[in-house]
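Just dropping this structure here.
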Amino acid sequence: MNNAVVREREVDVVVIGAGQAGLSSAYHLRRAGYEPDRDFVVLDHAPAPGGAWQFRWPSLTYGKVHGMHALPGMELTGADDARPSSEVISTYFAEYERAFDLRVRRPVGVRAVREGDGGRLRVETSEGVWSARALINATGTWDRPFWPRYPGQEIFRGRQLHTANYPGPWEFAGQRVVVVGGGTSGVQHLMEIAEAGAETTWVARRPPAFREGPFDEDRGRNAVALVEERVRQGLPPQSVVSVTGLPMTAAMERARAAGVLVRRPMFDRLTPDGVAWADGTSVTADVILWATGFRAVIDHLAPLRLREPGGGIRVEGTRAVRDPRVHLVGYGPSASTIGANRAGRGAVREIRTLLDTPAGTRPATGPSQPPVAAAV
């Protein structure tokens, strides 16, 4: 039996996650004069830079990505629209980490965050324990795909998979595929699989909310306000599409004209050979593709008892209402690339106040200022 005492490494701030939200937060910590390894540490469970983008399917090229905003301080320029987004953005994130010397530690899995000694937080990981005065949780949603439960799932003889392990459209040629879900991923999967030569059926709980015209500033503010209100009430955040709608693109127009974008209501059960509705209709299927979204990865925060009765964590800005040491970036209203950038800056501003850093003791310029980065 090993009786060795686990040494806690002390820092001011632990950042969990190195996607858009985590890197933005780390950048703003550097801008505020905090030094990596000495004052803060970024822990990422992924094997390489790129956040969730590194796991996206190869047919999702950079040109198909909607609303990718650059990280603060360094633009993403000259990217090839035909190149897989997983490659483009992973390369960009890697350059960003190097340019600002963020020293991300990976792969490190965070197992639990608990109350520590002296008012500090104890962050237990696969690589030991960190003790922090504040925490930025930027874990996103990719690691928690949502699988709805329907009668008959255990007897369906075909294949079931989720967006999280979607391999691309070519694998489905000549097959009968039921795509479940009314969000952006579901529509993209549906159109790709149909073009690859599969017979498709599209089902979703609600009729799709296609959006005509530009997504202007007023629409953006209204969408954010709706998500913020849920989070303030301690409810789990809604999906982005549920409040923004789906942008009607030229490709979607073609798919609708070809009869691909014909939504059927949600089926009632799975059968050995497909899916069936209560009215007696059915569809034979080889594959059920669940494009049913993701949930926030926050189970490691459970020991802190931050959840409200509604199931979510109530936040004001990015700060957890039940514990001002904990900030959630990329959660709820900040779960977008531009939202994560802004939230990272806001979280660092509040953390500086929390830690009561005397004005002027951590200069915004000087030796600890991150270098000016060149565009990728």
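A short reminder: the numbers here are calculations on the coordinates, not readings from a lab. Every value quoted in this text rests on a predicted model; they were computed, and no experiment measured them. Reconstructed Cβ throughout: ideal geometry from the backbone, glycine too, with neighbour counts over all protein chains shown.
How large is the dipole of the range 12-92 about the Cα centre if only Lys and Arg carry +1 and Asp and Glu carry -1, each at its Cβ, rounded to the nearest 20 debye? Could you put the intermediate results ahead of the total?
Values: 6 positive and 9 negative charges, 39 e Å.
About 180 debye.
Which trypsin sites (Lys or Arg not before Pro) in the range 117-217 pass both tests, a DSSP loop state and at most 13 other beta-carbon atoms within 10 Å?
Working: sites: 120, 122, 133, 149, 157, 159, 176, 205, 211; in loops: 120, 149, 157, 205.
Listed in order of number, the matching sites are 149, 157, 205.
Given +1 on the Cβ of Lys and Arg, -1 on the Cβ of Asp and Glu, and no further charges, what dipole in debye does the range 104-168 carry about its Cα centre, rounded to the nearest 20? Mind showing how you got there, number by number?
Details: 11 positive and 6 negative charges, 22 e Å.
I would put it at about 100 debye.
If you don't mind, there's one more thing I want to ask. Checking the a/c ratio against 1.5 first, then a/b against b/c, what shape does the Cα gyration tensor give for the range 55-168? Spell out each step's value before the answer.
On the way: a/c = 2.82, a/b = 1.14, b/c = 2.48.
Because a/c hits 1.5 or more and a/b fails to exceed b/c, the range 55-168 counts as oblate.
Can you sort 27, 331 by how many other beta carbons sit within 10 Å, fewest first?
Numbers: 27 25, 331 29.
Starting with the residue having the fewest Cβ neighbours, the order is 27, 331.
Could I ask something else about it? Taking Cα pairs under 8 Å and at least six residues apart, what relative contact order does the range 269-352 come out at, in percent?
On the way: 67 pairs, mean separation 11.9, N = 84.
That works out to 14 percent.
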